[in-house]
Amino acid sequence: MPVVSISMPADLIERLDALTAEHDYTGRSEVVREGVRTLLEEFENDRLEGRELAGIVSVLYDFGTQSVERRLTQLRHDHEEHVASTLHGHVDDYCLELFVLEADLETISQFVGRVRSTEDVQTVDYSLLALDSVGQLRDVTSSS
Ligand SMILES: [Zn+2]
């Protein structure tokens with residue numbers, strides 16, 4: 001494969017080398033390749049379009065805010081065919097609602113948008129995983 005040279009601060013190289021040793025990577029290149037793949041996956045949403053995704057959406061709101069609870073229940077019902085699982089728990093003084101969705105990017109984006117636009121929701125976070133890529137990153141890195 002082609003070789004590229006990159007510059008980075010000395011302290012970053014030190015941390016890179018420590019990570020390489022701690023996690024048994026074969027070298028700096030392997031760590032950098034994996035980091036780049038992770039970044040591309042995160043920011044290139046084009047790559048996720050048209051693919052079946054697992055989406056994990058977490059919602060945090062003040063304990064027992066009934067307007068939010070009603071809204072989230074409504075959302076769950078509206079997306080019944082896409083919601084694989086939900087979990088409700090409590091952290092500190094907050095309710096934490098976790099949704100596991102199985103849908104395409106557009107559906108998950110709409111879902112996240114509706115949660116974000118809900119009044120009194122404190123934070124909304126999500127992560128996406130393309131179901132057809134499960135296991136591929138591991139295969140690539142372990143064979144190089
Ligand atoms: Zn609660």
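In the set (1) surrounded by 11 or more Cβ atoms within 10 Å (Cβ to Cβ); (2) without any contact (Cβ under 8 Å) to a residue 12 or more places away in the chain; (3) not charged (D, E, K, R), the condition left unmet by Leu19 is number (2). Scanning the range 51-73 for residues that are closer than 16 Å to Glu106 by Cα and of a type in the set (Asp, Glu) turns up at least one hit. Residues to consider are Thr73, Thr123, Thr86; find the one that is of a type in the set (Ser, Thr, Tyr) and either touching a residue at least 24 places away in the same chain (Cβ under 8 Å) or within 30 Å of Glu14 (Cα to Cα) (or both). Going through Thr73, Thr123, Thr86 in turn, the sole match is Thr123. With respect to the conditions (1) at pLDDT below 90; (2) surrounded by 15 or more Cβ atoms within 10 Å (Cβ to Cβ), Gly50 falls short on a single one, namely (2).
Among the residues making up the range 58-111, those that are more than 16 Å from the ligand (Cβ to nearest atom), over 14 Å from Val124 (Cα atoms) and in a strand (DSSP E or B) are Val83, Ala84, Ser85, Leu101, Glu102, Ala103.
Please enumerate the residues belonging to the range 11-65 that are charged (D, E, K, R) and within 15 Å of Ala130 (Cβ to Cβ).
To start, the set of residues in the range 11-65 that are charged (D, E, K, R) comprises 11, 14-15, 17, 22, 24, 28, 30, 33-34, 37, 41-42, 44, 46-47, 49, 51-52, 62.
Those that are charged (D, E, K, R) and within 15 Å of Ala130 (Cβ to Cβ): Arg37, Glu41, Glu42, Glu44, Asp46, Arg47, Glu49, Arg51, Glu52.
Answer with yes or no whether Arg37 is modelled with pLDDT under 90 and either surrounded by 11 or more Cβ atoms within 10 Å (Cβ to Cβ) or not assigned by TED's automatic domain parsing to the domain that holds Thr26 (or both).
yes
The values are calculated or read from the model by the stated rules, or taken from the named source; none is laboratory data. Keep in mind the model is a prediction, meaning the values are calculated, not measured. Heads up, the Cβs are rebuilt from the backbone with ideal geometry, glycines too, and the neighbour counts pull from every protein chain shown.
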